[in-house]
Structure formats: C-alpha cells, structure tokens
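Here's the structure we're looking at; comments come further down.
Bear in mind these aren't lab numbers, they're just calculated from the coordinates by the rules spelled out. Remember, predicted model here, so these are calculated numbers, not experimental data. Heads up, the Cβs are rebuilt from the backbone with ideal geometry, glycines too, and the neighbour counts pull from every protein chain shown.
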Amino acid sequence: MNDEGGVDARLAERIGLGQTEALGELYDRYASTALATALRVVGSREEAEDVVHEAFVAVWRKIDRFEAERGSLRAWLMTVVRNRAIDRVRARRPRIDLDDADERSLLRTGPNPTWEAALARASGSEIQAALASLPDEQRHAVELAYFEGYTYREVAELTGVPPGTANGRLRLALAKLREALQGSSGAPLAASEPILSEESGR
Amino acid sequence: MTCERLDELAASYALGAVPPDEERAMSEHLATCDQPHADARELIGAAGLLPAALPPMEPSPALRARLMATVAATPQDHRRRAPVNAPVRAEPRRPWWQLRPLPMALAAVGLAAAVGLGAWNLDLNRQLAERDEALRAVASADAAYAVAGSAGSGWVLETDGQAIFLADALAALPADQLYALWLIGPEGEPVAVGTLTDTEGVAFATLERELGSATTFAVTVESGRVDAPTSDPVLVASLEG
C-alpha cells in the first residue's frame, strides 16, 4: 500500500509540474473505478463518462491544493468524481459549489492507514460482501449518504428517523465494515479504540 | 463546534454527509484542536473504500483521448495564478538567493529532468520551426535542467559551454515588466545573465554567461534590468547533479 501511495505521490508531483502524461497514468490507474462510482450515482454511462472527464480535469487544474503528506490522491479523486456525479443528479436540490466541495474533500480523504490497508488487502468482492453484510438500515444509510449525496439530516428525513439515529447508523456501518475487513485478513488494520457501539439516538 | 460534537459526527463527516458549513467547522476543529480525536481521525478516509466495492467499469477508449486533449488545452490553476504582480515584501529578511534550500521546491523540480523531455520536445519541434538556433541547441544539448515555478516551466540547455533558457507558455507580463534571468553561484551571489520579454509561444534566451560553477538558475519579474533580484523567483532550476 505504501508503494501505491508512493506511486500516487510521485504522480501528483509530476502533474503539479504540468506533465500531461502523468495525468494519463493516473487515469489508467483509476478510470475504471471512477467510472463505476460515477455510473452508480448518475445511472447513465454517457453521463458517467462526462463526470469522469470533468473530475480528471479538475484534479489537473487543482493539483497544487493537494499535499501527499496530508491526503490520498486516489481518495481525493474519487471524492471529486462523487461531488460531480451527485451535482448532476441533485437538480431538485441546491447545486453544489464544486470548487468549494473539492477543497473541503481534501481534508477528509486521508491518508489513513486503516482504510488504505483494507483497500490494499481486500478484493472488490470482499468489500462488496462486507457492505452486503450490513443490516439493511445501515447499508441503506451509507448508500443514501455516499452514493446519493444526502447529508445525515436528509437521510434522517428520508428514512423517518431522528438525525442522531441516521448519524449513528453511518457510524455503526463504518465500524462494521472495518471489523468485517479486519476479519477477512486476520490481521489488525490499525490499533485503535472501538468506535461507538450504539446509536446515539439524537 | 465542540470536541464532543465532532466525535459524534465523525462517520457522517468521513462519508461527506455533513452539510458544508458543519463540515468546514469540523475540518477547522480537527486542524487546530489539541485533543487527539483518535476515533474521528480513524474514520477519515473510510469513504475511499466504497468505490472499490463496485465492479470496475472500463471507459470507452475515446474518453481517454478526449481527456488528454482537454488537459493539454487547460492551464493549471497555479500557473494561471502566477504571482507576477505580487508586491515586494517590505519586511527585512535574507534575500531568497542566499537561502538554502531555495524557497521553491527544487527537489521536486529535479524529477522533471528524467521524465517529460521527450514529450515536451515533440511539442517544441512543432512550434519552433522558425527558431532554428534554439532547435539545434535542444537537439544537441549536452545537459538539460528542468525549470519550474509559478510562472510556468521550461529548460536550461547547455551545449559546448553555451547555455540557453527555453520555456513554453510562460505567464504573460504587463508591458512595463520583464523576466530577469539569474545564475547563482555556490556563494549565493546572483549574476544577471539576461532578460526575456517575449513570452508568446516558446520563449527562449541565450544566457550571457556559461553555467560554470553556478548551482542554481532562477527567473524573477523585474521592471527593468537590475543588478540584483528585487522579488522572489517565479522559476528555478537546480544545476547540481
């Protein structure tokens, strides 16, 4: 994983120097995951490709905001894809200020040894299985939040529960995902305290 | 934003499911709080896992070509924002050419020397038809040093002791300013080696001195030819190694 992070850090450096071929390499590494994410949100392949195109152009333009020590290029790219995809489908809601959203995303996209280790070790189908093993209400909350772009308050409204409960479901879901992926490898992902084990009920 | 509230919302934050104002407050809190917030930090990055749970989809081959064409025509924000009109800082400080290392990321610049010259050359060949002298220098250069910074990027090429500076798409300057070129020796003293005003297309200038023992090449924005730089460099190259 460190290697992967190292490759990405070097790519970020080269993209920062204006080397278009480095952006091409980033595309070759992540376009298929980016397209899958965009397609999951927007539902149309043509529109999903437009989203991926916009996202890579945004990373090219804004690369100077990215710092390898403070973030994961892959995680940021995927968030930039998600921001754009969600912006397309939320015509019914206020549009997203994408520049602002991309910058905010930088601060919550790692790098984090726990999740990067899980990503490096688990296959896509294992991660999929871990998601599928979540209780329905937790998986639904994650899907509404991540793939449909709803805030925890909106998830609460949509599912008819208090905001604290929606937030608690997201928290439990991430805890279980971590646990499941930890279990799949037999090795600890990271030394840490267990996170909240019950819904806050707020 | 209290510590308690931040810990409570950490999972929603990690999934990008907190309203923008609250998210900004959480980021600021995490950046400045002296509490460890280990649980919250542990969750950051979790969202990166979710795309991996989807079966990958191969994009159409046309998408890559479209992207590369767009990118080639799209300036990066940090080049667009070249601080060519930035006021000179008033507080007393050591001049940048005496700082070790130089204030710009020389280490990162070195990387470009190994990669990218080939691609850049192709572009250059197309644009430089009328500048035979520069083209010959590129073709026969004994050494090439990557130059980069906020104003753009380029190369210092050395052939038979003569050095030229080449740059593609340098940030344009107001009519009353020019790019001043400097060689900085091992003692940290800058020597003026020319100026550059024409930034249209591929810009180039023959340096007035050999590289000799110079360790750094730098470019500043000045209002005329001066004996010593009056502003921070907008381009630098390490000439060592």
Enumerate the calculated ³J(HN,Hα) couplings along region B:173-188 in order (Karplus 6.51 cos²θ - 1.76 cosθ + 1.60, θ = phi - 60°), each rounded to whole Hz, writing x wherever the residue is Gly or Pro.
-> 10, x, 4, 8, 10, 9, 8, 9, 9, 9, 10, 10, x, x, 7, x
Measuring from label point to label point, each 7 Å out along Cα→Cβ, what is the A:D99 to A:D136 span in nm?
-> 4.5
Return the sequence-ordered ³J(HN,Hα) values of region B:221-236 in whole Hz as given by the Karplus equation 6.51 cos²θ - 1.76 cosθ + 1.60 applied to θ = phi - 60°, using x for Gly and Pro.
-> 9, 10, 8, x, 6, 10, 7, 9, x, 10, 9, 5, x, 9, 8, 9
What FRET efficiency do you get for B:A62 and B:E189 if R0 is 56 Å and r is their Cβ-Cβ distance, rounded to the nearest 0.05?
-> 0.55
Mind grabbing the base-10 log of I(q)/I(0) for region A:1-155 at q = 0.09, 0.12, 0.14 Å⁻¹? Debye formula, identical points on the C-alpha positions, no solvent, two decimal places.
-> -0.29, -0.53, -0.73
At B:T206 and B:R24, where each label point lies 7 Å from the Cα along Cα→Cβ, what is the point-to-point distance in nanometres?
-> 5.5
Along region A:141-149, what does the Karplus equation 6.51 cos²θ - 1.76 cosθ + 1.60 (θ = phi - 60°) give for ³J(HN,Hα), rounded to whole Hz, x for Gly and Pro?
-> 4, 5, 5, 5, 6, 7, 8, 10, x
B:Q162-B:A38 pseudo-label distance in nm [points 7 Å out on the Cα-to-Cβ vector] | 6.6
